[in-house]
1. Against the definition (in contact with a helix residue (DSSP H, G or I) (Cβ under 6 Å, 6 or more places away or on another chain) and part of a helix (DSSP H, G or I)), how does Glu153 come out, yes or no?
2. Does segment 230-244 include one or more residues that are open to solvent by less than 70 Å² (accessible area, probe 1.4 Å), in a helix (DSSP H, G or I), at pLDDT 85 or above and not hydroxyl-bearing (Ser, Thr, Tyr)?
3. How many residues are modelled with pLDDT of 85 or more, open to solvent by less than 100 Å² (accessible area, probe 1.4 Å) and under 22 Å from Gly60 (Cα atoms) when one looks only at segment 108-140?
4. Considering only segment 166-203, state which residues are farther than 13 Å from Lys224 by Cβ, open to solvent by 50 Å² or more (accessible area, probe 1.4 Å) and not in a helix (DSSP H, G or I).
Amino acid sequence: MMKKTNCNNNNNYNNNNVGKMGGLEWEMRPGGMLVQKRNLDCNRNYSIPIPTIKVLVKYGSYYHEIHINSHATFGELKKMLAEVTGLQPQDQKLIFKDKERESKSFLDVSGVKDGSKIVLVQDIISQEKRFLESRRNSNMERAMKSVAEVAIEVDQLICQVTAKESVICKGGRVAEKELLTLIELLMSQMIKLDGIVADGEVKLKRKTQVVRIQKYIEILDRLKAQNAMATTRYGDSQVGLVVSQQQQRPLIMQQQREQRNFSNGLMLTSKWEKY
C-alpha cells in the first residue's frame, strides 16, 4: 500500500514539472521561440511580475510616450494611441522595423523592448472604406424609411378599395370618378417606389409593395367594369318603366270610359223600371 502511494507521488511530481524550467512555465511560439507561458495560474504567487515598457510612437511630427505591458498586443497599443491621437484603431497602421504589424501580434514576440520606436500611420484606405460603409448604411436607412411611408399610404388606399368592392359586390353603385381617383393614387405610390434605390432586404420590401399596388389596381379595373354594368342595368330598368307606363296609359283611359258608360247604363235601366 505504501509503494502505491509513493508511485502516485512520483507521477504527480513529474507532471507538475512538465514544461517548467527554473520554476517558470514555458511555451513554444510559432517560429520555434521559447517564451514564458502567458496562462498563469491566478492561485499562485509568482516572484517575477510582467514588466511594463516604454515605447515611443511617432505620429506625424510628434512623439507619444506610451507605457504598456510588454506582453500586450499591437491592437491594445492602438487603443491607447486612439486616446491621445483621436485616430480610431481601425484607421491606424503601426510600423515597427519597417514592417506593418498585425493587431493580434504580441509586442515582445515582435521584438519590441523598452525604448523601442514605432511609427503610426493613418490608414487612408481603411478610413475610406469605413466612410463608404457608413454612407451606404445611411442610404439604406433612408430607403427603408421611404418604403415604410409608402406602405402606410398603400394600406390606407387598400381600405378604401375594400369598401368600394363591398358596395359593388352587394349590387350597389359607386361613382366612377371615385374608382379612377383611387387608381391614380395607387399609381402615384408606384412612382415613389420606382424612385427609391435599394439593395438587399430593402429591395425585397419595395418589390412586395409594388406587387400589392399592382394587385389592387387590377381589382379596381374589375370593379369599374362591374360598376358600369350595374349602372347600365339600372338605366335600362328606368327606361322600361317609363315605356311601360306610357303604353298602359291609353288602356287605363279606355277602362275609365267603359266604367263611366256602364254606370250611365245602370242609371237608365233603373229609370225605365221606375216608369
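1. Taking the combined requirement at face value, the residue satisfies it.
2. Just the residues of segment 230-244 that are open to solvent by less than 70 Å² (accessible area, probe 1.4 Å), to begin with: 230-231, 235, 237, 240, 243-244.
Filter once more, keeping what is in a helix (DSSP H, G or I): 230-231, 235, 237, 240, 243-244.
Right, trim to at pLDDT 85 or above and you get none.
For segment 230-244, residues open to solvent by less than 70 Å² (accessible area, probe 1.4 Å), in a helix (DSSP H, G or I), at pLDDT 85 or above and not hydroxyl-bearing (Ser, Thr, Tyr): absent.
3. 10
4. Lys170, Gly171, Gly195, Val197, Asp199
The values are calculated or read from the model by the stated rules, or taken from the named source; none is laboratory data. Everything numeric here is computed off the predicted structure, so don't read it as measured data. Every residue, glycine as well, gets a Cβ built from its backbone with ideal geometry; the counts of neighbours run over all protein chains shown. Surface areas here come from the heavy atoms of the whole protein model, side chains and all, with no ligands, DNA or RNA. Shrake-Rupley method; radii C 1.70, N 1.55, O 1.52, S 1.80 Å.
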